Amino acid sequence: MKDNSGVLTTVLVEDSGKSEVNSKKRELCALISPVVFWMVVFVAIPLLLVVGVSFLQRGIYGGIEYQVTINNYIRMFNPMYFRIIWNSVVLSFFTTIICLILGYPFAYFTARAPQKIRGMLLMLTILPYWTNSLVRTYAWIILLRTEGVINTILLNIGVITAPIPMLYNESAVLIGLVYVLFPFMVLPLYTSIEKLDRSLLEAASDLGATPLKAFFKVTLPLTKSGILAGAVMVFIPSLGYFFIPDLMGGSKGLLISNLIKNQFLTARDWPFGSAISIILIAITLIIIFLYFRNAGSKEKLEVF
Amino acid sequence: MQEMAVQLVNLDKEFEGQHAVEKISLDIAKGEFLTFLGPSGCGKTTTLRMIAGFEDPTSGWILLDGKHVENTPPYARNVNTVFQSYALFPHMSVFDNVAFGLAMKKVGKAIIKQKVNDALGLVRLDGFSGRKPNQLSGGQRQRVAIARALVNSPNVLLLDEPMGALDLKLRKQMQIELKRLQKKLGITFIYVTHDQEEALTMSDRIAVMNEGQIEQVGTPDQIYEHPQSKFVAGFIGETNLFKGTVQSVNGDYALLELEGSRVPIINNDLTLGEEAFIAVRPERIDFAHSQQENSFVLSGWFKEQIYVGSMVKSIITLENGMEVIVNEPVGRSAQAVLQKDRQRLLTWDPKHAIVVKDGRNNKAYCSEV
């Protein structure tokens, strides 16, 4: 009798242990299910649709014909498309570099500003982004065009005799992209600079490093993760922002984002547009992969 | 005349109108181990940071090797600091951390290697040069910080509570090692701590600081045996502070009216009728059996006994409510369990009662009693 009761209790204990595990599992499921739902509905399904369409054919009047083909990908092996992709990558690269050069000092002084001012400076960085970016792009057009604000002022004070063509060229696109993506560079930089222990800079100074040397030996290497994060946050979206080259670049330099947009809206060739989209996603994934490999351990990551 | 490594002259530092350091003057000799001791917020770290160059003095002068350095940036001063948090560069190996100062001075690679290895040997970290700081224990990090500073052979080494993050046993061990290192190298050490035991163990001289001022400078035994102010008496070790009125002055001796008893004390510029404080260490107080055997006794009631290993601490409450602590070695104490509220008589040798000045800080002291 005694033995039996002993067995019974162990069974009961085991049982309660199991139900505890089960309830934990259930809790976990409840927690992640909204995320899973979101990812499936808004990421996985659209992506699968794009992948699917990229292997179909264009109908004569712009629809989709349900015939499997890889022609859309083969079509891209054309120097013209290679040049477009190359141009896009180069432009994004320069956008990133300029954002970094402008953003680093900005983030540095923001992070080192007195606590009271710091929040305000960050707010001012983000504030313009509460306005629609299309509207802000038009504001740039008003500034830059031939009869625009800048040219008018320069003409009136006699610095120039003929208006400078500032709009509808590559530098206009560059200005637009830098402007729109600037905060994406500043925020991760700010985070990593603010986290930097100031006593490390004191230690560098104590050991004989001038401020300039301390910056290159200590500050820069220790904010590398912020630089990488900012670069990724600027580079990737800059590949996809079609409206800026559209509005500010005129029809001259065709970029990958415009190409995709044109395929969907103008040429009505959805399958080919999808195929280019897939290529763009592939480029993005390669960059993210490189980023994760470079950033190393998870704790060093500033975003994602 | 002895050569001075550091001279502080009327050094003053204000932060937004608040005095952190108030007109302190101090000469620190070459090869000396000097400790700034005081509670947090007393200005000791600020003083150290001014010597290092991280803070600019509001007024006053700092001389290193007889030269004014008020306008010299930290990187141009021949002093090095061991930081409280160690401040090791996390992205560099132990070797690169220690080599940093030499690399800044553009020393040749071969010499750097030699010197870094010597410095790591000095702090017993040979074989650790390839590790990153996050792969080291707290004690090892501290040694790297010390090696990183010492490798530059500074005129003065500044140490800002370097033991703060270490456990007690390691701290004791490092105290002895650090003192040994200092003797061996003959470098001037300026050490900042709030731990009085640490200060007593390592220092040649201690400067006790309170509210931005130096209350007393002296050797550890001067500070311990002859505190000059209430604050110093209370901060260094445990003490009992009695307040009385001077009843008579007679050459070298005076009588202090205290709790209805006339307690003989050593005359220290006392005047008749003056209020005076005397500090008596707990281990200097004896239990008396009767009034007759002793020149004076104070009467009180036994409250409790605390066993602290090497000794027994008894707490006696006097008539005015003051609690007096009496320490006895374990063997000598009355082993019998004492009843609470039993009357005990206290006495001490007059030469152990130190007359202390009011100092500037009654508040901090009183809260400690």
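Bear in mind these aren't lab numbers, they're just calculated from the coordinates by the rules spelled out. Just so we're clear, the structure is a prediction, and the values are computed from it rather than from any experiment. Every residue, glycine among them, receives a Cβ derived from its backbone with ideal geometry; neighbour counts consider all protein chains shown.
Numerical summary
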{"read-out": "The stretch A:53-109 - convex hull of the alpha-carbon atoms, volume per residue in Å³", "value": "126 Å³"}
{"read-out": "Inverse mean reciprocal Cα-Cα distance (Kirkwood Rh) of the stretch A:147-235, Å", "value": "16.3 Å"}
{"read-out": "Amide H contacts under 5 Å for B:Phe89, placed H, 5+ residues apart", "value": "none"}
{"read-out": "Potential lengthening between A:Asn132 and A:Ala162 on full extension [0.36 nm per residue; Cα-Cα distance subtracted]", "value": "7.5 nm"}
{"read-out": "Exposure proxy ranking, count of Cβ atoms within 10 Å, fewest first, for A:Phe37, B:Phe128", "value": "A:Phe37, B:Phe128"}
{"read-out": "Kyte-Doolittle at least -0.5, axis length at least 15 Å by Cα - qualifying DSSP helices, chain A", "value": "A:2-39, A:79-112, A:115-126, A:133-144, A:170-195, A:224-240, A:270-295"}
{"read-out": "Acute angle (nearest 10 degrees) that the helix B:109-122 long axis makes with the longest principal axis of chain B, alpha-carbon atoms", "value": "20 degrees"}
{"read-out": "Cβ-Cβ FRET estimate between A:Val41 and B:Thr271, R0 fixed at 56 Å, reported to 0.05", "value": "0.05"}
{"read-out": "Chain A: calculated mean residue ellipticity at 222 nm from DSSP helix runs of at least 4, using -39500 (n - 2.57)", "value": "-23500 deg cm²/dmol"}
{"read-out": "Segment B:Ser290-B:Asp65, extension gain: residue separation times 0.36 nm, minus the distance between their alpha carbons", "value": "75.0 nm"}
{"read-out": "0 to 90° range, to nearest 10: angle between helix B:168-185 axis and chain B longest Cα axis", "value": "60 degrees"}
{"read-out": "Value of Rg to Rh for the stretch B:260-318 (Rh from inverse mean 1/r over Cα pairs, i.e. Kirkwood)", "value": "1.02"}
{"read-out": "Hz values of 3J(HN,Hα) by residue in the stretch A:62-71 - Karplus curve (6.51, -1.76, 1.60), Gly and Pro given as x", "value": "x, x, 10, 9, 7, 10, 6, 7, 10, 4"}
{"read-out": "Using alpha-carbon coordinates, inclination of helix B:94-104 to the longest axis of chain B, degrees", "value": "70 degrees"}
{"read-out": "Highest to lowest packing among B:322-331, A:26-35, scored as the average C-beta count within 10 Å", "value": "B:322-331, A:26-35"}
{"read-out": "Spatial separation of Cα centroids for the stretch B:268-291 and the stretch B:18-63, in angstrom", "value": "34 Å"}
{"read-out": "Exposure proxy ranking, count of Cβ atoms within 10 Å, fewest first, for A:Phe109, B:Phe95, B:Phe235", "value": "A:Phe109, B:Phe95, B:Phe235"}
{"read-out": "Charge sum, other residues only, whose C-beta stays under 15 Å from B:Met50's C-beta, Lys/Arg counted +1 and Asp/Glu -1", "value": "-4"}
{"read-out": "18 Å Cα cut-off, lysine pairs counted over the stretch B:1-139 (separation 8 or more, or different chains)", "value": "8"}
{"read-out": "Restricting the stretch A:112-201 to GluC sites (Glu not before Pro) in coil, as DSSP defines it, with at most 15 other Cβ within 10 Å", "value": "A:Glu147"}
{"read-out": "Choice from A:Leu228, A:Leu280, A:Leu121 showing the highest fluctuation, given a GNM over chain A with Cα pairs closer than 10 Å", "value": "A:Leu121"}
{"read-out": "Computed E for A:Gln115/A:Ala267 - FRET, C-beta separation, R0 60 angstrom, nearest 0.05", "value": "0.65"}
{"read-out": "For the stretch B:4-234, alpha-carbon Rg relative to the globular expectation (2.2 N^0.38 Å, N residues)", "value": "1.01"}
{"read-out": "Estimated FRET transfer efficiency when R0 is 25 angstrom, pair B:Thr201-B:Ala29 (beta carbons, to 0.05)", "value": "0.80"}
{"read-out": "Residue exposure sequence - A:Tyr61, B:Tyr307, A:Tyr190 - by fewest surrounding Cβ within 10 Å", "value": "A:Tyr61, B:Tyr307, A:Tyr190"}
{"read-out": "For chain A: span of alpha carbons on each principal axis (Å, largest first)", "value": "110, 72, 33"}
{"read-out": "Average partner coverage of B:83-90, which counts Cβ from other chains inside 10 Å", "value": "5"}
